[in-house]
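Q: Pasting a structure here, questions to come.
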Amino acid sequence: MKDTITLLKESGAMLEGHFLLSSGRHSDRYFQCARLLQYPDRAAEALAGVAERLKADIRAGKLAVDVIVGPAMGGIVVAYELARQLGLPGFFTERDDTGAMTLRRGFEIKSGARVLIAEDVVTTGKSSGESAAVLEALGAKISGLACVVDRRAAGVPVSWPLYAACTVVVGNWEQDTCELCKKGIPAVKPGSRKL
């Protein structure tokens with residue numbers, strides 16, 4: 001079994017340059033996980049370790065999960081694949097016309113449902129937090145957060161137990177402290193969220 005970094009590289013999903021992230025931060029690497037997740041076998045392999053850790057914690061009573069929800073766009077395939085491997089329902093939240101995260105398409109969360117949020121990449125946890133707020137307003141309890149790539153800067157917390165396929169240390173700056181901006185290198189914004 002290949003590690004997730006190898007799968008990301010082989011899929012062309014790990015890009016190098018100067019990137020404006022959906023969080024508003026700047027980075028020297030961008031993880032276009034859709035390039036990995038387009039291959040069902042690679043998606044299954046990349047998330048197998050996460051699924052095994054989740055199953056172990058569920059069996060040990062450390063974690064309870066009724067449903068897996070991924071924030072659109074990046075979390076949709078991750079939520080589906082983890083739901084498939086765990087034998088649970090999986091669906092997604094998405095942005096409405098105003099840009100607010102919402103639950104649509106007839107998806108329902110029962111009050112008291114224990115939810116695992118699934119993402120492709122976690123940098124600040126902003127999308128996860130927005131999804132959590134929507135789900136908690138409907139009565140859900142967030143049990144944890146799973147992702148393909150944890151690329152948080154040192155000291156950036158998450159509110160729940162985190163299950164990452166890989167953790168990668170990369171350049172990750174606010175715009176005013178960005179090393180690449182200081183060198184005059186133009187930034188590219190490949191993400192889907194409008195800032």
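Q: Go through the range 9-56 and report how many residues are of a type in the set (Gly, Ala, Ser) and without any contact (Cβ under 8 Å) to a residue 12 or more places away in the chain. Give the derivation first.
A: At the first step, the residues of the range 9-56 found to be of a type in the set (Gly, Ala, Ser) are 11-13, 17, 22-24, 27, 34, 43-44, 46, 48-49, 51, 56.
Restricting the remaining residues to those that are without any contact (Cβ under 8 Å) to a residue 12 or more places away in the chain gives 56.
Of the residues in that region, 1 qualify.
Q: Looking only at the range 94-115, decide whether some residue is within 28 Å of residue 25 (Cβ to Cβ), open to solvent by less than 60 Å² (accessible area, probe 1.4 Å), acidic (Asp, Glu) and in contact (Cβ under 8 Å) with a residue 40 or more places away in the chain.
A: There is no residue in the range 94-115 that is within 28 Å of residue 25 (Cβ to Cβ), open to solvent by less than 60 Å² (accessible area, probe 1.4 Å), acidic (Asp, Glu) and in contact (Cβ under 8 Å) with a residue 40 or more places away in the chain.
Q: Could you pull out the residue among 88, 145, 138 that is of a type outside the set (Gly, Ala, Ser) and crowded, with 20+ Cβ neighbours inside 10 Å?
A: 145
Q: Out of the range 116-135, which residues are within 16 Å of residue 73 (Cβ to Cβ) and open to solvent by less than 10 Å² (accessible area, probe 1.4 Å)?
A: 117, 118, 122, 128, 131
Q: Is there a residue being assigned to a strand (DSSP E or B), open to solvent by less than 50 Å² (accessible area, probe 1.4 Å), within 19 Å of residue 131 (Cβ to Cβ) and in contact with a strand residue (DSSP E or B) (Cβ under 7 Å, 6 or more places away or on another chain) anywhere in the range 3-21?
A: Within the range 3-21 (the criterion being assigned to a strand (DSSP E or B), open to solvent by less than 50 Å² (accessible area, probe 1.4 Å), within 19 Å of residue 131 (Cβ to Cβ) and in contact with a strand residue (DSSP E or B) (Cβ under 7 Å, 6 or more places away or on another chain)), the answer is no, since none of the residues qualifies.
Q: Can you tell me how many residues within the range 156-184 are part of a loop (DSSP other than H, G, I, E, B) and either out of contact with any Asp or Glu (no Cβ under 9 Å at 6 or more places or on another chain) or among the aromatic types (Phe, Trp, Tyr) (or both)?
A: Number of matching residues: 9.
Q: Could you tell me whether the range 154-162 includes any residue that is open to solvent by 50 Å² or more (accessible area, probe 1.4 Å), of a type in the set (Gly, Ala, Ser), farther than 15 Å from residue 22 by Cα and modelled with pLDDT of 95 or more?
A: No, the range 154-162 contains no residue that is open to solvent by 50 Å² or more (accessible area, probe 1.4 Å), of a type in the set (Gly, Ala, Ser), farther than 15 Å from residue 22 by Cα and modelled with pLDDT of 95 or more.
Q: Would you tally the residues in the range 23-41 being out of contact with any Pro (no Cβ under 9 Å at 6 or more places or on another chain) and surrounded by fewer than 20 Cβ atoms within 10 Å (Cβ to Cβ)?
A: Total meeting the criteria: 9.
Q: Please go through the range 13-48 and pick out each residue that is out of contact with any Leu (no Cβ under 8 Å at 6 or more places or on another chain) and more than 22 Å from residue 70 (Cβ to Cβ).
A: 16, 17
Q: Do we find a residue being at pLDDT below 95, out of contact with any helix residue (DSSP H, G or I) (no Cβ under 6 Å at 6 or more places or on another chain), more than 16 Å from residue 150 (Cα to Cα) and not hydrophobic (A, V, I, L, M, F, W, C) anywhere in the range 60-68?
A: The answer is no; no qualifying residue exists.
Q: Cβ-Cβ under 6 Å, sequence separation 6+ or interchain: first residue in the range 171-186 and closer than 19 Å to residue 31 by Cα, partner of a type in the set (Lys, Arg) and surrounded by 12 or more Cβ atoms within 10 Å (Cβ to Cβ). Which pairs?
A: Close Cβ pairs (under 6 Å, with a partner that is of a type in the set (Lys, Arg) and surrounded by 12 or more Cβ atoms within 10 Å (Cβ to Cβ)) amount to 172/25.
Q: Return yes or no: is residue 168 touching a residue at least 12 places away in the same chain (Cβ under 8 Å), over 26 Å from residue 100 (Cβ atoms) and touching a Phe, Trp or Tyr at 6+ places or on another chain (Cβ under 8 Å)?
A: Yes: the conditions hold for residue 168.
Q: Can you run down the residue pairs with Cβ atoms below 7 Å, 6 or more apart or on separate chains, where the first is in the range 128-151 and farther than 12 Å from residue 69 by Cβ and the partner is among the polar types (S, T, N, Q)?
A: The qualifying pairs are 139/111; 148/4; 150/167; 151/123; 151/172.
The values are calculated or read from the model by the stated rules, or taken from the named source; none is laboratory data. No experiment lies behind these values; they were computed from the predicted model shown. Please note: Cβ atoms are built from the backbone with ideal geometry, for glycine as well, and neighbour counts cover all protein chains shown. SASA here: full protein model, heavy atoms, side chains in, ligands and nucleic acids out. Shrake-Rupley method; radii C 1.70, N 1.55, O 1.52, S 1.80 Å.
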